[in-house]
1. Run SER114 past the list (1) exposed (fewer than 14 other Cβ atoms within 10 Å of the Cβ); (2) without any contact (Cβ under 8 Å) to a residue 40 or more places away in the chain; (3) out of contact with any strand residue (DSSP E or B) (no Cβ under 7 Å at 6 or more places or on another chain) and report the number of the one that doesn't hold.
2. Out of all the residues in segment 88-105, is one or more within 29 Å of THR51 (Cβ to Cβ), touching a helix residue (DSSP H, G or I) at 6+ places or on another chain (Cβ under 7 Å) and in a loop (DSSP other than H, G, I, E, B)?
3. Could you figure out which of (1) of a type in the set (A, V, I, L, M); (2) surrounded by 13 or more Cβ atoms within 10 Å (Cβ to Cβ); (3) modelled with pLDDT of 60 or more; (4) in a loop (DSSP other than H, G, I, E, B) isn't true of ALA70?
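The values are calculated or read from the model by the stated rules, or taken from the named source; none is laboratory data. Just so we're clear, the structure is a prediction, and the values are computed from it rather than from any experiment. Note that each Cβ is placed from the backbone with ideal geometry, even for glycine, and that neighbours are counted across all protein chains shown.
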Amino acid sequence: MASSDEGPERQPAASIGPTPVGDDSEPTDDASEPTSDASAPAGAASFGDETLRFPVSFDLRIIYTLASGATLEEDALRILVAAHANPARPTALPAPGVTYGRLSVPVTFSDRESMYSAYAALGALQCVKAVL
């Protein structure tokens, strides 16, 4: 029997991702790692409940430190061209403060592997803090 000194009963944290009906196992975070879906059409990748179809075009955003990011634009273009991402001209975006900068690069990836390799290579640059 619980005493009143223990406070209110804690509720479990909400799960992220779908939980199959009738499944008593712990829910997992399916959104953290894209998976191949056998039912998805060729050129598609499953991201949780969403399917990403290739080729895919979007504005890739890079957050970086201004102090060490003098060559970021050239480095990003070199990496994206090597990954066959068909990058367009990068655009510097306004950023609050004087510590971080933001760069937007329109890209088109033809497959998941080239997208993953570009994200990994960009994220490995010393000045890069995040690639979105």
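1. (1) is the only condition that SER114 fails.
2. Yes, that holds for at least one residue.
3. (2)
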